[in-house]
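Accompanying notes for the structure given below.
The values are calculated or read from the model by the stated rules, or taken from the named source; none is laboratory data. Note that the coordinates shown come from a computational prediction; the quantities given were computed from them, not determined experimentally. Note: ideal-geometry Cβ built from the backbone for every residue, glycine included; neighbour counts use all protein chains shown. The protein model used for the area step is the full one, side chains on, heavy atoms only, and it has no ligands, DNA or RNA in it. Shrake-Rupley method; radii C 1.70, N 1.55, O 1.52, S 1.80 Å.
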Amino acid sequence: MQKINSDAPVCDLGFNEKHEAIQPEALKIASKSRRRSSAASTCSFSSVLLSSSLLLEFVVACFTGSSDEDDISPREKRQCNSRGYTDFCVKNVINHHAFGRREIEIAEQEMPGIITLRRRAADDKPLKNAKIVGCTHINAQTAVLIETLVKLGASVRWAACNIYSTQNAVAAALAEVNVPIFAWRGETEEDFWWCLDNCVNADGWQPNMILDDGGDATHLMWKKYPELFKGIKGIVEESITGVHRLYHMSKTGKLSVPAINVNDSVTKMKFDNFYSIRESILDSLKRATDILFGGKQVVVCGYGDVGKGCAKGLRAQGCIVYVTEIDPICALQASMDGFRVVKLNEVIRNVDIVVTATGNKHVVTREHMDRLKHGCIVCNMGHSNSEIDIVILEDGFLYNIKNSLHTPELSWERVRSQVDHIFWPDGKMMVLLAEGRLVNLSCSTIPSFVVSVTASAQALALIELYNAVPGRYKSDVYLLPKKMDEYVSSLHLPTFDAHLTELTDEQAKYLGLNKAGPFKPNYYRY
């Protein structure tokens, strides 16, 4: 396994991305009122027969974000599934689980790799006695991964990494089959940490593995439950934000367990971070705003794999796309791909859509937004919620709020689930999607097939760390071995009826390769 040596300066991302601080009461009330949203991002009714009244209730909750149950926090309700199981906290297990099960079944049809891995390894139970704390998006695709880990022998407890991306029906379906899951769409920040804490700190259950998306589960255990953290055998992290945090912990001597960086594995970086984004940016913008793309001017902040997917997807729909970049290599790539590389200030007055994809903070500031044209759409495709300056928090405290969007002279109007119109005193209006959080998982769905690639890599990484002999991995950050990346890819090739060419003995000798791979050196950039 390749160890990552990162000599680049480590940005202090801290561990407060989920805003642990206590917000001012007026802001807290406004925030809670805006966070009532849908029960699922998408629903399928074709094969589920329910009474007309129940169907109507679910449609209202699913698509309008308004139902009577929204007034009651799941934390205040005592629920049990049809088997009498109660170790979970979701929106409505009884009414929603059938729809969620159908969503999971639909996802399984488009996730051949993880299903094949499940079938091949089910008898061996490579995760027997593994106790995994998961903190990821809760959607149909993640549910397929969760149920795969259970079939491979693991015991799991799961929370959402994003307060807006949970599909309530899917969470209900998992609760119905006795998965301890604590998540619902529209959680408050306090709810978020409560859910995660209930996953980590459970009676008679001590975690030994972490599957993280953003680093919050890792941070909570390290900070609040150091004794439990010492019992962790390994961490698998899939986001750029979480990976930055792991590097920071490693460099400061705080990382006491091995971790695998799935985000920078080939199968995550070149597939999920590009192909999934290329399609889901269009889906989320269209669903949220009904916009016509042709002729619109768009600026994409960042031209990494996510930015590349956004820029190329939008240009294919007829948009005029600008790119901002700090990296001269990425800027040269954008230029040679036919995009004009600019500073944000140069185009901010004229663009119709602003998309952030950097993983950084304060990319779009209040100063930028003051200069936007009327009706401009602003959204984020980077992992963190800090790219658009809505409310700045530093070390758990509100910071520079006078420059954020939560100031008295601006008025907010919720017009759709996850769509806010923000009005300036002169009448100018800006459209903000998902309050600056990940727009594709908050306002739409993502392609199941590409998630299958990432899920397969995550499952293999967990298996690798859990079964590693003592001493194989030090307390550091590692990449997946190239051989595993190739195996993940091979799991998905039969879907396309793709047939690999095999090297002859003479060819393998000439290239200095094993006929079974790996076929590229670790330094090869695909």
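Observations
- Apportionment of accessible area to carbon and sulfur, the range 446-505, percent (1.4 Å): 60
- Cα gyration tensor, the range 146-186 - rounded (a/c under 1.5), prolate or oblate: prolate
- Each part reduced to its alpha carbon centroid, the range 156-186 and the range 303-375 end up 34 Å apart.
- Our coupling estimate for the range 86-99, obtained by passing each phi through the Karplus curve with A = 6.51, B = -1.76, C = 1.60 and θ = phi - 60°, is 10, 7, 6, 8, 10, 5, 7, 5, 5, 7, 10, 5, 5, 5 Hz, Gly and Pro reported as x.
- Area of residue 108 that stays accessible when all protein chains are in place (1.4 Å probe, Å², to 10): 50
- Shown are 278, 120, whose ranking by accessible area with a 1.4 Å probe and every protein chain present, most to least, is 120, 278.
- In the full protein context, the range 274-443 carries 41 Å² of accessible surface per residue, based on a 1.4 Å probe and ignoring ligands, DNA and RNA.
- Rounded if a/c under 1.5, otherwise prolate or oblate - the range 154-291, Cα gyration tensor axes: oblate
- Neighbour cut-off at most 11 other Cβ (10 Å), DSSP loop, trypsin sites (Lys or Arg not before Pro), the range 330-370: 343, 349
- Under the simplified labelling scheme, the residue 105-residue 506 pair shows an inter-label distance of 5.5 nm, with each label point 7 Å from Cα along Cα→Cβ.
- Percent carbon-and-sulfur accessible area, the range 222-277, ignoring ligands, DNA and RNA, probe 1.4 Å: 58
- Segments 167-174, 109-116 sorted - mean Cβ within 10 Å per residue, highest first: 167-174, 109-116
- Exceeding the 29 Å Cα-Cα cut-off - candidates 286/343; 131/223; 91/361: 91/361
- Among 503-510, 284-291, the order from most to least packed when residues are scored by Cβ within 10 Å on average: 284-291, 503-510
- Rounded accessible area of residue 501 (nearest 10 Å², 1.4 Å probe): 130
- Sorted peptide list for 71-80, 297-306, 374-383, criterion being average Cβ within 10 angstrom, highest first: 297-306, 374-383, 71-80
- Between the range 460-526 and the range 219-278, the alpha-carbon center distance in angstrom: 21
- As a fraction of the 1.4 Å probe accessible area of the range 301-370, surface on carbon and sulfur atoms comes out at 50 percent.
- Surface/4 estimate of mean projected area, convex hull on alpha-carbon atoms of the range 288-384, nm²: 5.9
- Label-to-label distance, nm, for residues given as residue 515 and residue 341 (7 Å Cα→Cβ offset): 4.5
- Sorted from longest to shortest, the spans of the Cα atoms of the range 274-443 along the three principal axes equal 44, 34, 28 Å.
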